[in-house]
Amino acid sequence: LVVADFKIRYQGSVLGYLWSLVRPLSLFAVLYVMFTMVFKVGDQIPHYGVYLLLGVMLWNFFTEATNNGLSSLVDRGDMIRKVYTPKYAIVLAAVFSASVNLVINLLVVFIFALINGVQFDLGRLLLAPLPILQMVVFALGISFLLSSLYVKFRDVKYIWELLLQIGFYASAVLYPVSLVPEAYRLFLFMNPVTQILQDARFAIVYDGTPTAISTMGPYAFIPYLIVALFTVLSIWYFRKSNKLIAEEL
């Protein structure tokens, strides 16, 4: 399913996979000009371009994975009705297809980091897969919930689009956490996406990046707990509604 989805998505396209790079790189270019040349937000962060690019790539994966997962069951409705197919496999394939793009996009980030003169620390770099894996798990949990809800309620798609717009500005994708008043940083880090982005930036780009552990102290476990509980509850709800999905498609 992953291979088929990946091939079909770029079938007949001249640029092929490059289209999946054009959107995040275009967004990055616009944001980089705005935040370094106009507002000069990134002056206080070493290698702000890499810092921003990594955030944009991870957010783009989160958006793509959850949107793919949301519509995966409805898009494969004909197949589900005609051939026995495990429903969870369809959702997994949708998220893993976006994960293929993420891996290639991260290679672009590392190349850009080398060109930008980022000095990688092996100890911190070994931690990088952890927040990335956490992002994949979180996107998968959301996809299980959204896909089962979307079968019943088509409004879920528009609600999620609105939440993504809000989340883009509430997840420190664009701006340094240091710009947020200290009294509000605790609430910012309760958003698991912020915690994931900051942990990835700490591991790959800059060791002075504020993380949940350095910012929240004894409450640092909260965003990790949210991801774990949300994923477990989403899988439980998906399994509960699994038997009725084929009838409602």
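The values are calculated or read from the model by the stated rules, or taken from the named source; none is laboratory data. In this text, all values refer to a predicted model and were calculated from it rather than measured experimentally. All Cβ positions, glycine included, derive from the backbone under ideal geometry; neighbour counts span all protein chains shown. Accessible surface areas use protein heavy atoms only, side chains included; no ligands, DNA or RNA. Shrake-Rupley method; radii C 1.70, N 1.55, O 1.52, S 1.80 Å.
Can you confirm whether Leu25 is open to solvent by 20 Å² or more (accessible area, probe 1.4 Å) and modelled with pLDDT under 75? Judged against the criteria, Leu25 is not a match. In the range 73-91, of all residues being surrounded by fewer than 19 Cβ atoms within 10 Å (Cβ to Cβ) and modelled with pLDDT of 85 or more, the one that is farthest from Lys240 (Cα to Cα) corresponds to Asp75. Checking each residue in the range 92-117 for being touching a residue at least 60 places away in the same chain (Cβ under 8 Å), open to solvent by less than 10 Å² (accessible area, probe 1.4 Å) and farther than 17 Å from Ile8 by Cβ picks out Asn105, Val109, Ala113. For first residues located in the range 178-200 and over 24 Å from Leu133 (Cα atoms) and without any contact (Cβ under 8 Å) to a residue 12 or more places away in the chain, partners that are of a type outside the set (Val, Ile, Thr) and open to solvent by less than 60 Å² (accessible area, probe 1.4 Å) and lie 6+ apart or on another chain with Cβ distances below 8 Å form the pairs Val180/Ala172; Val180/Leu188.
Looking across the range 162-172, the residues that are within 23 Å of Leu146 (Cα to Cα) and touching a residue at least 12 places away in the same chain (Cβ under 8 Å) come down to Leu164, Gly167, Phe168, Ala170, Ser171.
One line per residue, one yes/no per condition, for (1) within 30 Å of Lys40 (Cβ to Cβ); (2) open to solvent by 10 Å² or more (accessible area, probe 1.4 Å); (3) more than 21 Å from the chain's Cα centre (by Cα):
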site	(1), (2), (3)
Gln134	no, yes, no
Leu145	no, yes, no
Leu164	yes, yes, no
Ala172	yes, no, no
Val177	yes, no, no
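Evaluating Asp207 against the criteria (1) part of a helix (DSSP H, G or I); (2) open to solvent by 70 Å² or more (accessible area, probe 1.4 Å) leaves one unmet condition, (1).
Residues Leu70, Leu58: which one is in a helix (DSSP H, G or I), under 22 Å from Thr209 (Cα atoms), open to solvent by less than 10 Å² (accessible area, probe 1.4 Å) and at pLDDT 90 or above? Before the answer, list the steps.
Details: Leu70 fails: under 22 Å from Thr209 (Cα atoms).
Selected residue: Leu58, the only one of Leu70, Leu58 that is in a helix (DSSP H, G or I), under 22 Å from Thr209 (Cα atoms), open to solvent by less than 10 Å² (accessible area, probe 1.4 Å) and at pLDDT 90 or above.
Against the condition in a helix (DSSP H, G or I) and either more than 30 Å from Tyr206 (Cα to Cα) or in contact (Cβ under 8 Å) with a residue 60 or more places away in the chain (or both), how does Leu133 come out, does it pass? Against the criterion (in a helix (DSSP H, G or I) and either more than 30 Å from Tyr206 (Cα to Cα) or in contact (Cβ under 8 Å) with a residue 60 or more places away in the chain (or both)), Leu133 does not qualify. Before we move on, is Gly123 surrounded by fewer than 18 Cβ atoms within 10 Å (Cβ to Cβ), modelled with pLDDT under 95 and at positive phi? Against the criterion (surrounded by fewer than 18 Cβ atoms within 10 Å (Cβ to Cβ), modelled with pLDDT under 95 and at positive phi), Gly123 does not qualify. Within the range 147-162, restricting attention to residues that are within 18 Å of Ala98 (Cβ to Cβ) and touching a helix residue (DSSP H, G or I) at 6+ places or on another chain (Cβ under 7 Å), the residue that is surrounded by the most Cβ atoms within 10 Å (Cβ to Cβ) is Ser147.
Pick out the one residue from Val41, Val74, Val50 that is within 24 Å of Ile235 (Cβ to Cβ), touching a residue at least 24 places away in the same chain (Cβ under 8 Å) and touching a Phe, Trp or Tyr at 6+ places or on another chain (Cβ under 7 Å). Before the answer, list the steps.
Numbers: Val41 fails: within 24 Å of Ile235 (Cβ to Cβ); Val50 fails: within 24 Å of Ile235 (Cβ to Cβ).
Exactly one residue qualifies, and that residue is Val74.
Using beta carbons and a limit of 9 Å, which pairs, at least six apart or on different chains, have the first residue in the range 223-245 and in a helix (DSSP H, G or I) and the second one open to solvent by 100 Å² or more (accessible area, probe 1.4 Å)? As it stands, the answer is Ile235/Tyr88; Phe238/Tyr88; Arg239/Tyr88; Asn242/Tyr88, since those pairs meet every condition given.
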